[in-house]
1. Output yes when any residue across the stretch A:170-178 is open to solvent by less than 60 Å² (accessible area, probe 1.4 Å) and within 12 Å of chain B (Cβ to nearest Cβ), and no when none is.
2. Of all residues in the stretch A:244-266, count the ones that are more than 7 Å from chain B (Cβ to nearest Cβ), among the aliphatic types (A, V, I, L, M) and in contact with a helix residue (DSSP H, G or I) (Cβ under 8 Å, 6 or more places away or on another chain).
3. So in the stretch A:96-117, with the set limited to residues that are more than 21 Å from A:GLY225 (Cβ to Cβ) and touching a helix residue (DSSP H, G or I) at 6+ places or on another chain (Cβ under 6 Å), which one is most open to solvent (accessible area, probe 1.4 Å)?
4. Just the residues that are buried (at least 18 other Cβ atoms within 10 Å of the Cβ) and closer than 23 Å to B:PHE195 by Cβ, please, taken from the stretch B:104-140.
5. Please report, ordered by residue number, the helices (runs of 4 or more DSSP H) entirely within the stretch A:1-86 with at least 3 residues that are facing chain B (nearest Cβ under 9 Å) and more than 27 Å from B:VAL114 (Cβ to Cβ).
6. Test B:ALA143 against the criterion of being facing chain A (nearest Cβ under 9 Å), assigned to a helix (DSSP H, G or I) and touching a helix residue (DSSP H, G or I) at 6+ places or on another chain (Cβ under 9 Å), and give yes or no.
7. Only helices (runs of 4 or more DSSP H) wholly contained in the stretch B:1-88 count here; list those with 2 or more residues that are out of contact with any Cys (no Cβ under 9 Å at 6 or more places or on another chain), among the aliphatic types (A, V, I, L, M) and surrounded by 20 or more Cβ atoms within 10 Å (Cβ to Cβ).
8. If you go through the stretch A:33-59, how many residues are open to solvent by less than 70 Å² (accessible area, probe 1.4 Å) and either out of contact with any Leu (no Cβ under 8 Å at 6 or more places or on another chain) or hydrophobic (A, V, I, L, M, F, W, C) (or both)?
Amino acid sequence: MSLAWLGVVPFLAYATAFLLLPAANVLIGAFQSNEGGYTLDNVRTLFDEPYRTAFKNSIEVSLVTALLGGIIGLLMAYSAIREGTPRWIRGGLTTFSGVAANFAGIPLAFAFIATFGILGVGTQAMTAVGFNPYDHGFSLFTKTGIEIVYLYFQIPLMILVIAPAIDGLRREWREAASSLGASSWQFWRHIGVPILLPSLLSAMVLLFGNAFAAYATAYGLTSGGVGLVPIQIGFFLSGDVFDNPHLGQALAFGMFVVLGLMMLAYIPLQRISSRWMK
Amino acid sequence: MTPRRRIAPSAVVWLFLGSAYFLIPLLATLLFSLRNDQTAKCCTLANYSYILHDPDFWSTIKLSFIVALETIAITVALLVPTVYWVHLKVPRLRPLISFLALVPFVVAPIILVVGLLDVYRGTPEWFYAQPYGFLAAVYVVLAFPFMYFSLDTGFRSIDVHTLTEASQSLGASWPTTLWRVILPNIKAAALAGSFLTLAIVMGEFTIASLAQFKTFSVYVQYINQNKTYPAGAITLLAFGITWAAMLALLAVGRGRQAPITEGEK
């Protein structure tokens, strides 16, 4: 038995100390009671208010922004890549997406406050033409507002992830289909969509996880006014809720379960979709 | 020769709508940042001057930048030898290392911070209460996925075995081989991972704020809540930092695949 594996020990030790140990702390702590024994009470509490609503909100925001971000991102990426669009547009879109996918958190939240907040430039411009959105039931500081803002990083992530799959749709396939008499609709119905589907689904699963784990953007936008799971965890850690420290771990455990299921869906989809990309 | 096709009308519509959605908030923030803090009238640079004359701006940006450099140094020192060794000697461990590098996506920062605070609460002040200790150590984990996959791609494109044998047959030691032969060959990959890490650390808010450190993004949030119009100025400055890091990344990665990232949200 060779001792070559010893070479990866420093990395394994580091990952254990700062990744696996805290993860294990959450997994075990979620099932411990304040008295020290094991209990299911903390996890059961996740199904009571306000945590039930927090999970519902988080899942809803993630689903909506994954679907909308996925569809809009696909349409934009396809528009930029398809034949006829000047090449520089694709380069520009990719560069911008790289920045926008990383431009999240506190500054992103404020950019939207400056635009569609109560004093925002966009809100004032709309008021000037006689339509103040805040008089018509709109508010940026709601679930809908969070969804609008999340799309700012969801769409660019979709563009970056789906572009290689669109490149994989070879032009010859389209030409072959049309020379056999297929209409554009028939091409998409029988060739384009079935080939893209696994990539689309895996990208949307990734977007779901991306939104589900987000904390800073929602916090910067609403200061915790809309109950999402990460916001509830933030309350626990900043000491606003004192009664049971293990409940914070249970909430984190609940997020871990959702994100873990996401990974389980993502990996096989990723494997199928990479078949078409060479 | 295929005839040059014109741009499709639907493509124009989608790209136009998308650009509007992405550019309007940036333009609005710019206009917002030029307003007078008292009268809310345009146009003045006073908000930028306010930020640039705020000592907290300089101290927090310096703190975050040093933490970022420290994070990059530790991540490179930890991952370059590991990925090299895995490619050279123990390829069967590659799935395990890849798996560990992916774990931070499932154990997201908001989950990680819960466990971290509980595990490290009792550790000495010089580590736990220091951004250069605890925070940098944790950010290394957030950098794992980006640095690892960048390096893994880099190492796959070079012939590790031949380079190592050539270097050692000329009498080079392991450290010399790693430093003088391997590192120059994967410099672009290491730099790409480093710029991503820089962008992530400069913008990281979740762990910094919940662990009570006064980093740059915690300062940005403080301004957002307390100074209406200077907040527009600091937002654009923060956006500029992300731009600079990503453009530097593209410059070193020219010809490589566009970065697919998932930073702090």
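The values are calculated or read from the model by the stated rules, or taken from the named source; none is laboratory data. Keep in mind the model is a prediction, meaning the values are calculated, not measured. Using ideal geometry, Cβ is built from the backbone for each residue, glycine included, and neighbour counts are taken over all protein chains shown. Protein only, heavy atoms only, side chains kept; ligands, DNA and RNA dropped before computing areas. Shrake-Rupley method; radii C 1.70, N 1.55, O 1.52, S 1.80 Å.
1. The initial filter retains those residues of the stretch A:170-178 that are open to solvent by less than 60 Å² (accessible area, probe 1.4 Å), namely A:176-177.
Imposing the further condition that a residue be within 12 Å of chain B (Cβ to nearest Cβ) reduces the set to none.
No, the conditions are met nowhere in the stretch A:170-178.
2. Looking only at the stretch A:244-266, we keep the residues that are more than 7 Å from chain B (Cβ to nearest Cβ), and these are A:244-247, A:250-251, A:253-254, A:257-258, A:261-262, A:264-266.
Add one more test, that the residue is among the aliphatic types (A, V, I, L, M), and what stays is A:247, A:250-251, A:257-258, A:261-262, A:264-265.
Filter once more, keeping what is in contact with a helix residue (DSSP H, G or I) (Cβ under 8 Å, 6 or more places away or on another chain): A:247, A:250-251, A:258, A:262, A:265.
Of the residues in the stretch A:244-266, 6 are more than 7 Å from chain B (Cβ to nearest Cβ), among the aliphatic types (A, V, I, L, M) and in contact with a helix residue (DSSP H, G or I) (Cβ under 8 Å, 6 or more places away or on another chain).
3. Step one: filter the stretch A:96-117 for residues more than 21 Å from A:GLY225 (Cβ to Cβ), giving A:96-103.
Going one step further and asking which of them are touching a helix residue (DSSP H, G or I) at 6+ places or on another chain (Cβ under 6 Å), we end up with A:97-103.
On the way: A:SER97: 2, A:GLY98: 5, A:VAL99: 1, A:ALA100: 1, A:ALA101: 1, A:ASN102: 22, A:PHE103: 4 Å².
It comes out as A:ASN102.
4. Hits for the stretch B:104-140 are B:PRO104, B:PHE105, B:ALA108, B:PRO109, B:LEU112, B:PRO131, B:LEU135, B:ALA136, B:ALA137, B:VAL138, B:TYR139, B:VAL140.
5. Output list reads A:51-81.
6. no
7. Values: elements: B:9-33, B:46-52, B:55-88.
Once the helices (runs of 4 or more DSSP H) in the stretch B:1-88 are filtered for at least 2 residues that are out of contact with any Cys (no Cβ under 9 Å at 6 or more places or on another chain), among the aliphatic types (A, V, I, L, M) and surrounded by 20 or more Cβ atoms within 10 Å (Cβ to Cβ), what remains is B:9-33, B:55-88.
8. At the first step, the residues of the stretch A:33-59 found to be open to solvent by less than 70 Å² (accessible area, probe 1.4 Å) are A:33, A:36-37, A:39, A:42-43, A:45-46, A:50-51, A:53-55, A:57-59.
With either out of contact with any Leu (no Cβ under 8 Å at 6 or more places or on another chain) or hydrophobic (A, V, I, L, M, F, W, C) (or both) added as a condition, the list becomes A:33, A:36-37, A:39, A:43, A:46, A:50, A:53-55, A:59.
Residues that pass the stated criteria total 11.
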